[in-house]
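Undergrad: Let me begin by handing over the structure; questions about it come next.
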Amino acid sequence: MEKTISSEKYQGPSFFFQLRKWAGEAVPVLILIFWSVIALFPIYLILVNAFKERKAIFRLPFAIPSGETFSLVGFETVSARSHFGTYFTNSIVVTVMALVLTLLFGTMASFALAQYKFKGSTLISLVFSIGIMIPIRLATVGILRLMVNLRLTNTLWALIIVYIAQSLPMTIFILSSFMRQVPQELIQAARVDGASEYHIYWLILPLIRPALGAIGIFTMIPIWNDLWWPLILAPSIDTATVTLGSQQFLGQYMTDWNAILASMTMSIVPILIFYLIFSKQMIKSITSGALKS
Amino acid sequence: MTGYQKKQKPFPWHIVFFLAPALIVYVVVMVMPLLDSLSLSFFTENPANAKENIFVGLSNYKYLFTDYYYAPIFWGALKHNIVFFLIHMFVQNPIGLLLAAILSKGGKLRTFFRTVLFIPTILSFVLVAFVWKLILSPIWGVSKTILGLFSMEGLFQPWLGLESTALITCSLISVWQYIGTPMILFYTALIGIPDELLEAAKVDGANPWLIFWKIKFPLIIPTVGLVSMMTFVGNFNAFDLIYTLQGALAGPNLSTDIMGTLFYRTFFGQQQQMPNQTLGATIATMQFLIILVGVVIYMVWQKRTTVYEY
């Protein structure tokens, strides 16, 4: 009898210690689960209801579509009434062109800024670094006037040029630090071998490939998702991007629940797939310091 | 040493070649239009000839600050924008920090959560706005059902449609979307802290709470500053979410109007309001000045803060 009491006494603090330890492990995970539900639930609702018939959307909004409630009528409406094909092509053209040219111009400029000492290099770096913090949107009035004068409104070029200007400061800032890390002996050796400066630039490019990948992903997402510039510079049906196109479509068909849910699904899925493929690299590139000064 | 002589250096054309494309695009499309916008705020359109502008000094600013009809709208938008910013600052960033602190412990499970928690941040404003519009819609009644699970359906209101709650609702939707950015930046900073710095405290038996606030948090202060600056710049430049949720009129009754939507309405005109380029430029200049103040404060602060190198 005494023994059990003493052993109970002995277990008392140990039990609470265990409980505290267990809580210390469980509470953080519960917080993560809780926020994950908040983060994913809205997306789940959209994806699930896009494949249901109208009545089921309202009657059973949380259920996954069953044989009875399954319907693709929303997707039929979207493909018949909107120009999603055009929007997708526009978004892809704009994003890819802006990305390629940003990387080309960005690597060239950062190569020059990192490798050569010349008058005005500090000033140029400074001017570019201001653009990291001051958003280009503040220049909207001037940019629209410029594009009107150049007769570029309602063309994809207007968007491409603005996105290049928008992405360059950060790109140059990050790439410059990478360019400085390239071993000087390598460059000197190439010069001794008689390589031209242009050739040296070309030789360096493969060395900074990891940085290019990270910058590419982080440049792409804001361009793909942007509403402001398509709305202001190229709002016509022929030049609308997916983001602008779906915004207009959703506004027009607000009462056709099947259609809006379907069109939202069509916008979510590509970016979601892209993210799930590249998320590891994306987060690795931030955490490895590729995007830190 | 026959071939060794000092040559006159030729003009470095290659530097020009490398710098020209980036510099031309950047100057022509960003620097000059920005200066153009700023200077346009000192002009007004000539009523006789729309293509000509007349210099009017600060009268656009005077109009914006004191006009009987317009000033209240401007001050209202500024006030809403400050509220919008404060909600991000004190809801989004602390939750981001909390999630980052939990994630930074590492492990397979946490890597999975890291991927999941960042998903809303990659979606476009347009999608986020419509997703929430549907969820909060009284017609669908989804939020009512969810509240019903906790027997709180009585609390349901059309939050986006009420003047008193619309701005907070919009801000929280934006927080939902943007939480990933502070989270990932704090996470990066936290996992960058070397273990040696924490080991001594662990040996002394300090609890995790104490270790976080006494050791980790002071070490990531530079990131706290960076996140605050980014939140400030992003919020005073915001537009898309409010425009998609509430339209350019930032309803109900302008209760969600912020600087971005006010600029858009003024510049492009809306319903009875005529487009006014120069007044639009004046609002953009105000946004520029506010953001500039934020950036300068950040840079001065950053210079004074000790950054620990490890």
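Undergrad: Quote the relative contact order of region A:82-252 in percent (integer), defining contacts as alpha-carbon pairs under 8 Å separated by 6+ residues.
TA: In percent, rounded to a whole number, it is 42.
Undergrad: Using a Gaussian network model on chain A with a 10 Å cutoff between Cα atoms, which of A:Pro61, A:Pro230, A:Pro28 fluctuates the most?
TA: Result for chain A, Cα springs under 10 Å: A:Pro28 fluctuates most.
Undergrad: Return the calculated 222 nm mean residue ellipticity for the protein assembly as shown, to the nearest 500 deg cm²/dmol, obtained by summing -39500 (n - 2.57) across DSSP H runs with n ≥ 4 and dividing by the residue count.
TA: Rounded to the nearest 500, it is -22500 deg cm²/dmol.
Undergrad: On to the next question. For the protein assembly as shown, restrict the atom set to alpha-carbon positions and state the Rg and Dmax in Å.
TA: Taking only Cα atoms of the protein assembly as shown, I get Rg and Dmax of 27.3, 106 Å.
Undergrad: Which length gain, in nm to one decimal place, applies between A:Lys55 and A:Val100 when the Cα-Cα distance is subtracted from 0.36 nm times their residue separation?
TA: Value of the extension gain: 11.6 nm.
Undergrad: Based only on other Cβ atoms within 10 Å, what is the fewest-to-most ordering of A:His83, A:His199, B:His80?
TA: Taking fewest neighbouring Cβ atoms as first place, the list is A:His199, A:His83, B:His80.
Undergrad: Could I ask something else about it? Among A:Asp226, B:Asp36, A:Asp193, A:Asp238, what is the fewest-to-most ranking by other Cβ atoms within 10 Å?
TA: So the residues, fewest neighbours to most, are A:Asp193, A:Asp238, B:Asp36, A:Asp226.
Undergrad: Against the 2.2 N^0.38 Å scaling, with N counting residues, where does region A:82-252 land? I'd like the Cα-based Rg ratio to two decimal places.
TA: That ratio works out to 1.20.
Undergrad: Relative contact order for chain B using alpha-carbon pairs under 8 Å, separation at least 6, rounded to a whole percent?
TA: Relative contact order comes out at 23 percent.
Undergrad: Suppose R0 equals 22 Å. What FRET efficiency, 1/(1 + (r/R0)^6) with r the Cβ-Cβ distance, do B:Ala48 and B:Met274 give to the nearest 0.05?
TA: Values: r = 16 Å, r/R0 = 0.72.
Between B:Ala48 and B:Met274 the formula returns 0.90.
Undergrad: Return the single residue from A:Phe62, A:Phe178, A:Phe17 with maximal mean-square fluctuation; model: Gaussian network over chain A, springs between Cα atoms under 10 Å.
TA: Highest fluctuation among the options: A:Phe17.
Undergrad: Mind checking which of B:Gln246, B:Thr145, B:Phe112 is farthest towards the positive end of chain B's charge dipole, using Cβ charges of +1 (Lys, Arg) and -1 (Asp, Glu) about the Cα centre?
TA: B:Phe112
Undergrad: May I pose another question? Of the residues A:Ile161, A:Ile204, A:Ile33, which exhibits the maximal mean-square fluctuation in a Gaussian network model of chain A defined by a 10 Å Cα contact cut-off?
TA: It is A:Ile33.
Undergrad: In nanometres, what is the gap between the two model label sites at A:Trp157 and B:Leu155, each 7 Å from Cα along Cα-to-Cβ?
TA: Result: 5.6 nm between the two label points.
Undergrad: So, one more: Under 14 Å from a label point 7 Å along Cα→Cβ of B:Ile221: give me every residue in region B:184-208 with its amide N that close.
TA: none
Undergrad: Find the relative contact order for region A:27-110 and round it to a whole percent, using C-alpha pairs within less than 8 Å whose residues are 6+ positions apart.
TA: Dividing the mean separation by the residue count of region A:27-110 yields 20 percent.
Undergrad: Could you give P(r) for region B:197-277, binned at 5 Å from zero, as whole percent values over all Cα-Cα pairs?
TA: Pair shares across the bins are 3, 13, 15, 13, 9, 7, 7, 7, 7, 7, 6, 4, 2, 1, 0.
Undergrad: Right, another one. With the dipole of the protein assembly as shown worked out from charges on the C-beta (+1 for Lys and Arg, -1 for Asp and Glu) around the Cα centre, which of A:Gln184, B:Ile258, A:Ser82 lies farthest toward the positive end?
TA: Ranked along the dipole, the leading option is A:Gln184.
Undergrad: A further question on this structure: Post the alpha-carbon centroid distance, region A:54-104 to region B:83-159, in whole angstrom.
TA: What the calculation gives is 23 Å, centre to centre.
Undergrad: Give, in nm to one decimal, the length gained when the segment between B:Lys79 and B:Leu162 is fully stretched (0.36 nm per residue of separation minus the Cα-Cα distance).
TA: Extending this stretch completely gives an extra 28.1 nm.
Undergrad: Taking the Cβ-Cβ separation of B:Ala71 and A:Phe41 as r and a Förster radius of 41 Å, what is the calculated FRET efficiency to the nearest 0.05?
TA: Working: r = 42 Å, r/R0 = 1.03.
Computed FRET efficiency for B:Ala71 and A:Phe41 comes out at 0.45.
Undergrad: Let me spell out the model: positive unit charges on the Cβ of Lys and Arg, negative unit charges on the Cβ of Asp and Glu, origin at the Cα centre of the protein assembly as shown. What dipole size does that give, in debye rounded to 20?
TA: Computed about the Cα centre, the dipole is about 960 debye.
Undergrad: Related question: When Rg is the radius of gyration of the Cα atoms in region B:65-304 and Rh is its Kirkwood radius, what does Rg/Rh come to? Please list the in-between numbers first.
TA: Numbers: Rg = 20.9 Å, Rh = 20.1 Å.
Across region B:65-304, the Cα-based Rg/Rh ratio is 1.04.
Undergrad: Find out how many positive minus negative residues lie around A:Ala112, taking Lys and Arg as positive, Asp and Glu as negative, among other residues whose Cβ is under 15 Å from that of A:Ala112.
TA: Residues close to A:Ala112 contribute a combined charge of +2.
Undergrad: Assuming R0 = 30 Å, what is the FRET efficiency of B:Gln302 and B:Ile211, from their Cβ-Cβ distance, to the nearest 0.05?
TA: Computed FRET efficiency for B:Gln302 and B:Ile211 comes out at 0.70.
Computed from the coordinates by the stated procedures, all read-outs in this text should not be read as laboratory data. Bear in mind the structure is a predicted one, so any value in this text is a computation, not a measurement. Because the Cβ atoms are built from the backbone with ideal geometry, glycine has one as well, and the counts that use them run over all protein chains shown.
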